[in-house]
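Undergrad: Here it is: the structure, laid out below.
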């Protein structure tokens, strides 16, 4: 998310662990980002603490390749050299990576699998919120699969085929099932049902910059 947020928001990122490393080699730094930490610094000085800065505190050469929303936790990859940065950047641009997420949503989805194919655009007066817009929105596709059903909620696995800002959050809202604890899109019981955004980047699959081998990195769902 951007540094602009509701006026009542106070940025207080978790400090422990300071940096959770899942894997490192000469090309890749794979980390597990906690919910509540920015991926990159915001414009305000109080938003300087971020995943990128923490990674560079230990691995000075590490460079951000992609982002997760501040409220989302899970697997992220950083590049350890310029060549790897270019290679990974092209993979994301050309949709050669594969990401899976786990989310708890409010209510019960009627089917066990499905997809949401709705174009998205920034809701400019309410940024950083996004919204569905068939006239000017950018194509966005999310596939989903039910994992578990509970009394008032459903756990789903989400497979984004595009990487639009807030895509999973808005697509679940469009189905009538907002993600629990989503301070931008959930209301009432759905907002109160979780102390954090119940969205986690569970796995990331990509081609290793050296040799091209297909590799997958996992982070267990923390909620």
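Every number in this text was worked out from the coordinates using simple rules, so none of it is lab data. Please read these numbers as outputs of a predicted model, since none were measured by experiment. Here the Cβ is made from the backbone with ideal geometry for all residues, glycine too, and neighbour counts use every protein chain on show.
Undergrad: Over all directions, average the projected area of the Cα convex hull of the range 101-199 and note it in nm².
TA: Averaging across all directions leaves 5.9 nm² for the Cα convex hull.
Undergrad: Need one number: % antiparallel among DSSP beta bridges in the range 24-91, to the nearest 5.
TA: So the antiparallel bridges amount to about 90 percent of the total.
Undergrad: What is the extension gain from residue 174 to residue 93, computed as 0.36 nm multiplied by their sequence separation minus the C-alpha to C-alpha distance, in nm to one decimal? Walk me through the numbers on the way to the answer.
TA: Working: separation 81, 0.36 × 81 = 29.16 nm, distance 2.55 nm.
Fully extending the segment from residue 174 to residue 93 adds 26.6 nm.
Undergrad: Take every DSSP beta bridge whose two residues both sit in the chain, then give the antiparallel share in percent to the nearest 5. Don't skip to the end; give the middle numbers.
TA: On the way: 45 of 48 bridges.
Antiparallel bridges: around 95 percent, rounded to the nearest 5.
Undergrad: While we're on this one: Using a 10 Å cut-off around each Cβ, can you sort 99, 129, 33 from fewest to most neighbouring Cβ atoms?
TA: Lowest count first: 129, 99, 33.
Undergrad: With angles folded into 0 to 90 degrees, how steeply does helix 82-93 sit against the dominant principal axis of the chain? Use alpha carbons for both and round to 10.
TA: 20 degrees
Undergrad: Picking from 110, 46, 189, which is most flexible by a Gaussian network model of the chain using Cα springs under 10 Å?
TA: Maximum fluctuation in the GNM of the chain, among the listed residues, is at 110.
Undergrad: In units of 2.2 N^0.38 Å, what is the alpha-carbon radius of gyration of the range 14-59?
TA: Working: Rg = 10.9 Å, N = 46, 2.2 N^0.38 = 9.4 Å.
It is 1.16.
Undergrad: Distances longer than 15 Å among the Cα atoms of the range 99-142: what percent of all pairs is that?
TA: Looking at the range 99-142, the distances longer than 15 Å represent 59 percent of pairs.
Undergrad: Going by how many other Cβ atoms sit within 10 Å of their own, how do 208, 23, 171 line up, fewest first?
TA: Fewest to most other Cβ atoms nearby, the residues stand as 23, 208, 171.
Undergrad: Also: Can you give me the Cα centroid spacing of the range 95-113 and the range 30-69 in angstrom?
TA: 25 Å
Undergrad: If a paramagnetic tag sat 7 Å from the Cα of residue 26 along the Cα-Cβ line, which residues of the range 40-82 would have the backbone N under 12 Å from that point?
TA: It comes to 81, nothing else.
Undergrad: For the chain, modelled as a GNM with alpha-carbon contacts under 10 angstrom, which of 49, 117, 27 fluctuates the most?
TA: Comparing 49, 117, 27 in a Gaussian network model of the chain, the most mobile one is 117.
Undergrad: Beyond 30 Å, what percent of the Cα pairs of the chain remain?
TA: Of the Cα pairs, 22 percent sit more than 30 Å apart.
Undergrad: Sort 172, 131 so the one with the fewest other Cβ atoms within 10 Å of its own Cβ comes first.
TA: Working: 172 27, 131 18.
Taking fewest neighbouring Cβ atoms as first place, the list is 131, 172.
Undergrad: I've got another one for you. What distance in nm separates the two pseudo spin-label positions at residue 159 and residue 45, each 7 Å out from Cα along the beta-carbon direction?
TA: Each label point lies 7 Å from its Cα, and together they span 4.8 nm.
Undergrad: At a temperature of 4 °C and a viscosity of 1.567 mPa s, determine how fast the range 1-113 diffuses translationally according to Stokes-Einstein, using the Kirkwood radius over alpha-carbon pairs as Rh; express D in µm²/s, rounded to the nearest whole number.
TA: It comes out at roughly 84 µm²/s.
Undergrad: Per-residue ellipticity at 222 nm for the chain, helices alone: DSSP H runs ≥ 4 residues times -39500 (n - 2.57), over residue total, nearest 500 deg cm²/dmol?
TA: Calculated from helices alone, the mean residue ellipticity at 222 nm is -4000 deg cm²/dmol.
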